[in-house]
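Contents: one structure, followed by commentary.
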Amino acid sequence: MEKSKSQSVVNSSRRQFLKTSSVAALGSAFASPLALAGQASAARSPGDALKIGLIGCGGRGSGAAAQALSTSEGVVLTAMGDVFEDRLQSSRKSLAAEKQFGSRVKVPDNACFVGLDAYQKVIDSGVDVVLLATPPGFRPQHLKAAVEAGKHIFCEKPVATDAPGVRSVLESAAKAKEKNLCLMSGYCWRRHPSRRAFYEQVHQGAIGSIRAIYATYLTGPVKPMPPASRRAPGVTDVEWQLRNWYNFTWLSGDGLVEQACHSIDKIAWAMNGVLPLKAVATGGRQFPNGEGDIFDHIDVFYEFPDGVRAFMAQRQISNCYSDNSDYLMGSEGVGTIKNWSDPIITGKESWHYSGPKADMYQVEHDELFASIRSGKPINDGIWMAHSTLMALMGRMAAYTGKEVSWTEALNSEEKLVPDNLTWDMKLPIKPMAMPGQTKFV
């Protein structure tokens, strides 16, 4: 159900990326909803060139770079990093083509960084803004490094694959706010004009009090795991898993976390910052996936205060009914967003969106760079971490078969991302989770 994030770059997958990991601890002091950063940072005039560095040169990263370069003439790409040379060079060639961005791609060979430490080299290369578009398992480490270096940041969704990662992101978001750095989330629907208008109507009471929400993300497999027989001699465990990152929970978080997180974020948006109390879930793997360890379907049942319920149906199986919609049931009406259609409200009032159209992926970057230039930094940190944790909470409940509270999810000590990752290390593949047997940690 995803559409391309760039109309000027090759129509490739939204996701494919790189990196290494570490986490920090943070308690539940960040349990409140987000707002914009308060104190303004130093404004950058429209004539000032802003240098961007791309970390993760797959389809999503290349699209993010294209959108950043499309915001204004005063943006140039000066550094790129990925663990794979072929991916980096393909992205650089495409972006630098005359029909794309030509001379605004100023990335010499010595600013092309390859390896597990490429992210740090991009950050240290003198850029003003970093685009974080690696597999999400690496997001906490890269975000922490970017904030420590004082960079403005575009941070793709989801922002972590485990709770220690979420806690690290919350800590980094707080530090970004202290430093007046922009931190823009890749939860792109928050920048869609019709969705913004719809949720504004909902928050103003157009359907009364929300009683239930049903969200769907029913689609086909994103990137099926190839058979082990296709693993070439000499390919290490780390390389094999990075090449097929979507199929490993430590890298992608699972399909619920990596893809359906958009729908979970819209549930959180509808609830206007009210956090779920707990969740139960069902799920499993209907079709074998070789060495991968992710489920291909999960249904999550969230409970909020005052008896409000939200239901998230996620599936990634071929030749099945597809739906990527949001259904909001209120005390005085119903709000519906059917797939990519404009939203409608029926009930005590009828409403449908009839305003301007815009590419939400481009709006993300237009607003990011406008905030940098105005000195009024956007900071999406808390809500993007909360939406990610809601997705993780659902996965935890599905994988273990347990009821999982918000507090339990936030404080979980299950750490999926390996410490001190090296290219040649042994990295055994986790067995598939078994509800009722897999322990909650």
* Return the pairs, sorted by first residue and then second, in which the second residue is small (Gly, Ala, Ser), the first residue lies in segment 92-106 and is surrounded by 14 or more Cβ atoms within 10 Å (Cβ to Cβ), the beta carbons are less than 7 Å apart, and the residues are 6+ apart or on different chains. => Ser94/Ser62; Leu95/Ser62; Leu95/Ala65; Leu95/Ala66; Ala96/Gly102; Gln100/Ser8; Gln100/Ser94; Val105/Ala96
* To do: Residue by residue through segment 52-79, note down the ones that are within 19 Å of Gly137 (Cα to Cα) and in contact with a Lys or Arg (Cβ under 8 Å, 6 or more places away or on another chain).
  => Ile55, Gly56, Cys57, Gly58, Gly59, Arg60, Ala64
* Is it the case that segment 379-396 has a residue that's of a type in the set (D, E, K, R) and either farther than 22 Å from Trp245 by Cα or surrounded by fewer than 18 Cβ atoms within 10 Å (Cβ to Cβ) (or both)? -> yes
* **helices (runs of 4 or more DSSP H) contained entirely in segment 146-261, each with at least 1 residues that are in contact with a Gly (Cβ under 9 Å, 6 or more places away or on another chain)** => 163-178, 193-203, 249-252, 255-258
* Taking segment 354-377 on its own, how many of its residues are crowded, with 20+ Cβ neighbours inside 10 Å and either farther than 21 Å from Gly63 by Cα or hydroxyl-bearing (Ser, Thr, Tyr) (or both)? -> 3
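In segment 274-385, which strands (runs of 3 or more DSSP E) lie fully inside it and hold 3 or more residues that are touching a residue at least 60 places away in the same chain (Cβ under 8 Å) and of a type in the set (Gly, Ala, Ser)?
Passing ranges, in order: 278-284.
Are any residues in segment 372-405 small (Gly, Ala, Ser) and closer than 30 Å to Leu50 by Cα, and if so, which ones? Reasoning before the result, please.
The first filter runs over segment 372-405 and keeps only residues small (Gly, Ala, Ser), leaving 374-375, 381, 385, 387, 391, 394, 397-398, 401, 405.
The answer is Ser374, Gly375, Gly381, Ala385, Ser387.
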* Asked: Just wondering, is there one or more residues in segment 92-111 that are assigned by TED's automatic domain parsing to the domain that holds Met184, part of a helix (DSSP H, G or I), closer than 18 Å to Lys151 by Cβ and not charged (D, E, K, R)?
  -> yes
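With respect to Val127, determine if the residue is outside any helix (DSSP H, G or I) and either assigned by TED's automatic domain parsing to the domain that holds Lys177 or touching a residue at least 60 places away in the same chain (Cβ under 8 Å) (or both). First the steps, then the outcome.
Details: outside any helix (DSSP H, G or I): yes; either assigned by TED's automatic domain parsing to the domain that holds Lys177 or touching a residue at least 60 places away in the same chain (Cβ under 8 Å) (or both): yes.
Yes; evaluated as a whole, the condition is true for this residue.
The values are calculated or read from the model by the stated rules, or taken from the named source; none is laboratory data. The model shown is predicted, which means the values in this text are computed figures rather than measured ones. Positions of Cβ are backbone-derived with ideal geometry, glycine not excepted, and every protein chain shown enters the neighbour counts.
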